[in-house]
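Enquirer: This structure is in structure tokens; I'll ask about it shortly.
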Amino acid sequence: MDYDTFIISIKNDSPPNEFPAPELAMWHALNDNWNSAHHVAQSINNDIGSWIHAYLHRIEGDLSNATYWYQRANRPLYQGSQKDEAEEIIRFILTI
């Protein structure tokens, strides 16, 4: 799947069945379903999961918690917009 196809999928009522956890978490995040996105992100036990987790806490406005998760992801606190970070995360996870 490429980025544009992912973005188009957000208009659907439910995510594609074949989505791995990182894509699923971001699909929920971009559909303003923070709780589902957070639940999925918590199940991803690697740097990508920590990055998504950080992004979600940044959306929530909990920067201290976000900072903790950025550190777990080995990434600095993102300085750009939430939209730009979401795009960066999605583009990254679609390449792995």
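The values are calculated or read from the model by the stated rules, or taken from the named source; none is laboratory data. Only a predicted model underlies this, so the values are computations on that prediction, with no experimental measurement involved. Reconstructed Cβ throughout: ideal geometry from the backbone, glycine too, with neighbour counts over all protein chains shown. Note: areas computed on protein heavy atoms with side chains; ligands, DNA, RNA excluded. Shrake-Rupley method; radii C 1.70, N 1.55, O 1.52, S 1.80 Å.
Enquirer: For the list (1) open to solvent by less than 40 Å² (accessible area, probe 1.4 Å); (2) outside any loop (DSSP other than H, G, I, E, B), I need the number of the one condition that Ile44 fails.
Expert: Unmet condition: (2).
Enquirer: What pairs come up if the first residue lies in the range 73-86 and is without any contact (Cβ under 8 Å) to a residue 40 or more places away in the chain and part of a helix (DSSP H, G or I), the second is open to solvent by 50 Å² or more (accessible area, probe 1.4 Å) and among the hydrophobic types (A, V, I, L, M, F, W, C), and their beta carbons are under 8 Å apart, counting only those six or more places apart or on different chains?
Expert: Pairs found: Gln82/Ile59.
Enquirer: Sort out which residues of the range 47-68 are open to solvent by less than 70 Å² (accessible area, probe 1.4 Å), in a helix (DSSP H, G or I), more than 23 Å from Tyr3 (Cβ to Cβ) and not β-branched (Val, Ile, Thr), and write them in order of number.
Expert: His57, Asn65, Ala66
Enquirer: Something else about it: Show the residue pairs that are 6+ apart or on different chains and have beta-carbon atoms under 7 Å apart, the first residue being within the range 53-66 and farther than 10 Å from His38 by Cα and touching a residue at least 24 places away in the same chain (Cβ under 8 Å), the second being open to solvent by 60 Å² or more (accessible area, probe 1.4 Å) and part of a helix (DSSP H, G or I).
Expert: Arg58/Gln82; Ile59/Trp34; Ile59/Gln82; Glu60/Trp34
Enquirer: Taking only pairs six or more apart or across chains, which ones have beta-carbon atoms under 8 Å, a first residue in the range 7-22 that is over 15 Å from Arg91 (Cβ atoms) and open to solvent by less than 100 Å² (accessible area, probe 1.4 Å), and a second residue that is in a helix (DSSP H, G or I) and polar (S, T, N, Q)?
Expert: Pro15/Ser9; Pro16/Ser9
Enquirer: Turning to a different aspect of this structure: Mind listing whichever residues of the range 4-31 are closer than 17 Å to Asp84 by Cα and not in a helix (DSSP H, G or I)?
Expert: Ile10, Asn31
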